[in-house]
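See below for the structure under consideration.
The values are calculated or read from the model by the stated rules, or taken from the named source; none is laboratory data. Please read all numbers here as calculations on a predicted model, not as lab measurements. Every residue, glycine among them, receives a Cβ derived from its backbone with ideal geometry; neighbour counts consider all protein chains shown.
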Amino acid sequence: MGADCTDRRTTAQLVGPMIVAGFFGTKISDPGFGHIIANLERGLIGGVLLLGRNIGSREDLEGMMRRLTACRCLNSPFIAIDEEGGLVERLGDNVGLKGAPSAAAVASSSLASAHVTYGLLAEKISLLGFNMNLGPVVDLNVNPTNPVIGRLERSYGSDPETVVKYAATFVEEHRKRRIATVLKHFPGHGSSSMDSHVFPVSPHETN
C-alpha cells in the first residue's frame, strides 16, 4: 500500500526532498541562512538556491558553502546557483572569479569553443561546492525585444537546432563534473512581450 498522505509528517517526508528553497542573507550568521540549514537537516526541504542577493564577499560565500556541504542531512542536498553567464551571473568579478559570456555570445562562436567556455564555468561552480546550476536557457529568441530573454542575450538564437546544440554543450560539460542542470524557461518565454516573472502573459500575446 502507498504512504498515507493525509498525515502531515508523512507528507512532509515525501514532498520535502523535492523542494529547493531560497533565503535572504549573505553569511552564516544571518537568520535566513540558519533557517535554511535547520530545514535541510530536518528534511523539510531537499536543497537550497543561492541567488545574487546571497552573494556577498568571497569569504562569506565560501563559509556558507562549507556549512551546506557539511549539512547533517539524511541525503546530500542540492546546492544550486543561477549561473548562466552574461548578465545572469552571480560568481564573477564580485567574488574575484572569471565570468562567462552570454548565451548569444557563446552561439556566435564554434561548438568547440562553447565546450571550453562551459567546462570552465562548470569547474568554477564545482570547486565552490555547487552541484546544480539553473541553466541552460533553451528559449527561442523569437522576440528580440523580450525584456528578459532577447534583450539580455540569454538565448542561443531563434533556430531550434542551434539552441539544442549549444544547450547540449552546457549540459555535457556540467555532467562531466557531476553537476545537475535545469533547462529553462520554455514554453514560449522567448516570444513573450513582457516579463513573465512580473506578469504572466500568453506566448502569443503582442501589444
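Taking the listed residues Val164, Val148, Val142, the one that is β-branched (Val, Ile, Thr), surrounded by fewer than 22 Cβ atoms within 10 Å (Cβ to Cβ), without any contact (Cβ under 8 Å) to a residue 40 or more places away in the chain and in the same structural domain as Leu111 (by TED's automatic domain parsing) is Val164, with no other qualifying.
Considered as a group, the residues in the stretch 156-170 that are under 16 Å from Ala100 (Cβ atoms) and assigned to a helix (DSSP H, G or I) include one that is nearest to the chain's Cα centre (by Cα), and that residue is Phe170.
For the stretch 119-151, the tally of residues that are modelled with pLDDT under 95 and more than 12 Å from His185 (Cβ to Cβ) stands at 8. Condition test on Glu62, is it assigned to a helix (DSSP H, G or I), among the charged types (D, E, K, R), over 27 Å from His185 (Cβ atoms) and in contact with a helix residue (DSSP H, G or I) (Cβ under 8 Å, 6 or more places away or on another chain)? The answer is yes for Glu62. Scan the stretch 55-73 for residues that are within 18 Å of the chain's Cα centre (by Cα) and among the hydroxyl-bearing types (Ser, Thr, Tyr) and the total you get is 1. When every residue of the stretch 100-110 is checked against the conditions, at least one turns out to be polar (S, T, N, Q), touching a residue at least 40 places away in the same chain (Cβ under 8 Å) and assigned to a loop (DSSP other than H, G, I, E, B). Comparison of Glu173, Glu123, Glu153 shows that the only residue that is within 23 Å of Leu51 (Cα to Cα) and in a loop (DSSP other than H, G, I, E, B) is Glu153.
If the condition is being assigned to a loop (DSSP other than H, G, I, E, B) and either over 17 Å from the mean Cα position of the chain (by Cα) or at pLDDT 90 or above (or both), then the stretch 177-195 contributes Arg177, Arg178, Ile179, Val182, Leu183, Pro187, Gly188, Ser192, Ser193, Met194, Asp195. What about Leu44, is it modelled with pLDDT under 95 and more than 21 Å from Leu121 (Cα to Cα)? Considered against the rule, which asks whether it is modelled with pLDDT under 95 and more than 21 Å from Leu121 (Cα to Cα), Leu44 comes out as yes.
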